[in-house]
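Below you'll find the structure, written out as structure tokens, and then a few comments.
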Amino acid sequence: MNINSFFNKFKINTPFLGILILFTAICALNIPILITLWRHGFDDGTYSHAFIIPFISLYLYYELSQNGKLRFRDRLSTPSAVFLVLSCLTLFMTSNAQISIGYWGALLAVFITSVTMFYRFNWYIVFPAAFLIFIFPFWGSLTYYLQNISVASVSFMMDFTNIPTYVEAEFVQIPAGTFEIADGCSGLRYLIVSLAISSLFIFLNIKSPKRALLFFSVAVFGGLLTNWLRIMILIIIGDYTDMTHSLMNDHNSFGWYIYLPFMLSLFYFGNKISDYNLLGSIPQDSYTPNKKNLNLNIAILYLITISFSSTTIFWMISEEYSPSLTEQNIAPKIYNFSNLVVTKRSNITTLHYSFNSTDLDSKPTYYENSLTPKNWQVISFVDGPEQYQSVITNGQQKAVIKAYYKLDNYTTGNRKKFKTQRIKESFWGKQDIELIWSVEMCKSNCE
């Protein structure tokens with residue numbers, strides 16, 4: 001009796017079990033990336049929906065398997081194998097180079113290509129894996145643009161009120177006080193939720209491309225409009241109460257009270273234009289035996305390929321680092337370094353940072369790192385190919401800081417060139433990464 005016959009005898013859903021094994025294997029082989037997702041995704045209010053996304057994806061695969069749309073391949077598909085190899089190669093290179101958006105996108109591609117590798121291709125089986133995109137925290141790159149759109153939209157909407165309004169940058173000034181349309185007011189969280197629920201609804205209920213585009217557009221615009229209305233209402237309440245209302249300090253939940261009626265209206269509208277029911281065709285006897293045997297050659301090729309791109313192996317055998325911290329009067333804002341060596345010569349202080357590259361967030365180009373010390377401002381800077389140099393000031397004090405990134409024997413003061421070099425050398429595995437930063441206090445004008 002082969003393994004499929006065994007599972008079918010006990011009415012175990014073999015295709016869905018295969019999905020569970022695939023997803024578990026990919027996660028187990030990429031623990032370092034999952035750690036970054038936890039830090040920047042699941043543990044962030046913007047991505048608080050992330051916990052439910054995997055369960056939705058697995059539920060969709062369960063229903064597809066019950067409906068007979070999730071079927072094992074009986075022979076190897078060359079295009080699927082090629083796409084899987086390319087995805088794993090990209091994951092290997094971007095994780096070694098510690099390019100966050102790169103390895104997040106590559107891991108998502110590995111999920112999708114793993115499914116198409118084992119199962120007969122149709123667009124139904126792609127969506128549940130692609131739906132995992134709403135877990136990954138690279139949506140933050142849209143914050144700047146959404147923030148500018150929110151400022152412009154709120155400025156336009158406030159023209160229809162009697163409240164005198166002056167807008168400068170992200171600040172909205174009214175007689176009662178000043179509002180800042182900060183990152184959290186960009187509307188990103190409403191946009192992500194709108195994208196998630198609209199794409200899921202379209203997958204389940206709409207086949208017509210025109211109707212799908214209409215529903216998708218209404219969902220996206222409605223999500224952004226909800227945020228604009230939230231900001232405008234808060235400004236009006238602030239003006240009416242002379243900035244004393246409790247919403248001035250805690251207004252995050254307020255937006256969801258506005259979004260909920262919109263979401264209910266969106267589903268009502270969606271039901272009106274629905275032309276399909278993916279789950280409606282499931283037979284009464286929901287269990288459908290799988291007649292195709294899992295091809296052993298496909299499984300062996302897959303295990304070899306997916307293991308090649310594993311980020312867990314280096315993470316497990318890596319040495320534990322305990323950062324050596326030294327308090328400095330003037331120092332850059334550097335996170336997740338593994339060691340720090342401080343040297344002083346005359347009036348020049350040099351800080352030598354080392355990084356443990358097995359932690360994907362341990363890198364000199366981490367997004368929160370800053371070469372400029374806290375409470376200091378940059379007067380001028382040169383982002384040269386060999387080193388970064390800037391003149392900084394803090395009241396009456398002035399100083400010159402110099403810095404460069406080091407990758408094995410390669411050095412540069414330019415972040416983009418450093419990242420490019422990391423990608424070029426990523427194929428050879430983990431590298432020694434360092435940041436050398438120095439400061440010299442000026443006696444005159446730092447000329």
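Search the range 386-418 for residues being basic (Lys, Arg) and surrounded by fewer than 17 Cβ atoms within 10 Å (Cβ to Cβ), and hand back the single one that is farthest from residue 100 (Cα to Cα). Checking each candidate, the answer is 417. Filtering the range 242-256 to residues that are at pLDDT 75 or above and under 26 Å from the mean Cα position of the chain (by Cα) leaves 254, 255, 256. For the range 205-215, the criterion of being at pLDDT below 90 and part of a helix (DSSP H, G or I) is met by none of the residues.
Hey, could you check the range 216-234 for residues that are more than 15 Å from residue 146 (Cα to Cα) and at pLDDT below 90 and say which is surrounded by the fewest Cβ atoms within 10 Å (Cβ to Cβ)? Only one residue fits best here, namely 233.
Quick grid of which residues meet (1) touching a Pro at 6+ places or on another chain (Cβ under 8 Å); (2) surrounded by fewer than 23 Cβ atoms within 10 Å (Cβ to Cβ); (3) farther than 30 Å from residue 364 by Cβ:
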position: 57; (1), (2), (3): yes, yes, yes
position: 84; (1), (2), (3): no, no, yes
position: 102; (1), (2), (3): no, yes, no
position: 121; (1), (2), (3): no, yes, yes
position: 124; (1), (2), (3): no, yes, yes
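Here residue 288 fits the description: at pLDDT below 70 and outside any helix (DSSP H, G or I). Among the residues of the range 174-193, the ones that are free of Cβ contacts under 8 Å to residues at least 40 places away in the same chain and in a helix (DSSP H, G or I) come to 0 in all. Residue 314 falls short of the stated requirement of being at pLDDT 80 or above and closer than 30 Å to residue 46 by Cβ. Pairs are defined by a Cβ separation below 7 Å, a sequence spacing of at least 6 or placement on different chains, a first member in the range 24-45 that is more than 14 Å from residue 139 (Cα to Cα) and assigned by TED's automatic domain parsing to the domain that holds residue 189, and a second member that is among the small types (Gly, Ala, Ser) and modelled with pLDDT of 90 or more; no pair meets this definition. Restricting attention to the range 395-444, the residues that are acidic (Asp, Glu), at pLDDT below 85 and in a strand (DSSP E or B) add up to 0. Only one of the numbered conditions (1) part of a helix (DSSP H, G or I); (2) in contact (Cβ under 8 Å) with a residue 60 or more places away in the chain is violated by residue 98, and that is (1). If the condition is being over 15 Å from residue 222 (Cβ atoms), surrounded by fewer than 19 Cβ atoms within 10 Å (Cβ to Cβ), within 28 Å of the chain's Cα centre (by Cα) and not acidic (Asp, Glu), then the range 172-202 contributes 182, 184, 200. Within the range 20-31, the set of residues being in contact with a Phe, Trp or Tyr (Cβ under 9 Å, 6 or more places away or on another chain), part of a helix (DSSP H, G or I) and either crowded, with 20+ Cβ neighbours inside 10 Å or of a type in the set (S, T, N, Q) (or both) comprises 22 only. Among the residues making up the range 361-385, those that are aromatic (Phe, Trp, Tyr) and either within 30 Å of residue 103 (Cα to Cα) or modelled with pLDDT of 85 or more (or both) are 366, 367, 376. Of all residues in the range 51-70, those satisfying the criterion of being among the small types (Gly, Ala, Ser) and farther than 17 Å from residue 133 by Cβ are 65, 68. Within the range 358-389, the residues that satisfy the criterion of being part of a strand (DSSP E or B) and within 24 Å of residue 431 (Cα to Cα) are 370, 383, 388. The residues on offer are 160, 201, 138, and the sole one that is aromatic (Phe, Trp, Tyr), out of contact with any strand residue (DSSP E or B) (no Cβ under 9 Å at 6 or more places or on another chain) and touching a residue at least 40 places away in the same chain (Cβ under 8 Å) is 201. Quick one: is residue 383 on the phi < 0 side of the Ramachandran plot and surrounded by fewer than 19 Cβ atoms within 10 Å (Cβ to Cβ)? Taking the combined requirement at face value, the residue satisfies it.
The number of residues in the range 106-153 that are farther than 20 Å from residue 64 by Cβ and of a type in the set (S, T, N, Q) comes to 6.
Against the test of being surrounded by fewer than 22 Cβ atoms within 10 Å (Cβ to Cβ) and either among the basic types (Lys, Arg) or touching a residue at least 12 places away in the same chain (Cβ under 8 Å) (or both), the options 77, 114, 65 yield a single qualifying residue, 77. Among the residues of this structure, residue 132 counts as one that is closer than 25 Å to residue 222 by Cα, touching a Pro at 6+ places or on another chain (Cβ under 8 Å) and of a type outside the set (Asp, Glu).
Of all residues in the range 126-143, those satisfying the criterion of being closer than 18 Å to residue 24 by Cβ and assigned to a helix (DSSP H, G or I) are 128, 129, 131, 132. Of the residues making up the range 396-418, those that are farther than 17 Å from residue 334 by Cα and basic (Lys, Arg) number 3.
The values are calculated or read from the model by the stated rules, or taken from the named source; none is laboratory data. Treat the numbers as computed from the prediction; the structure is a model and nothing was measured. Cβ atoms come from the backbone with ideal geometry, glycine included; neighbour counts cover every protein chain shown.
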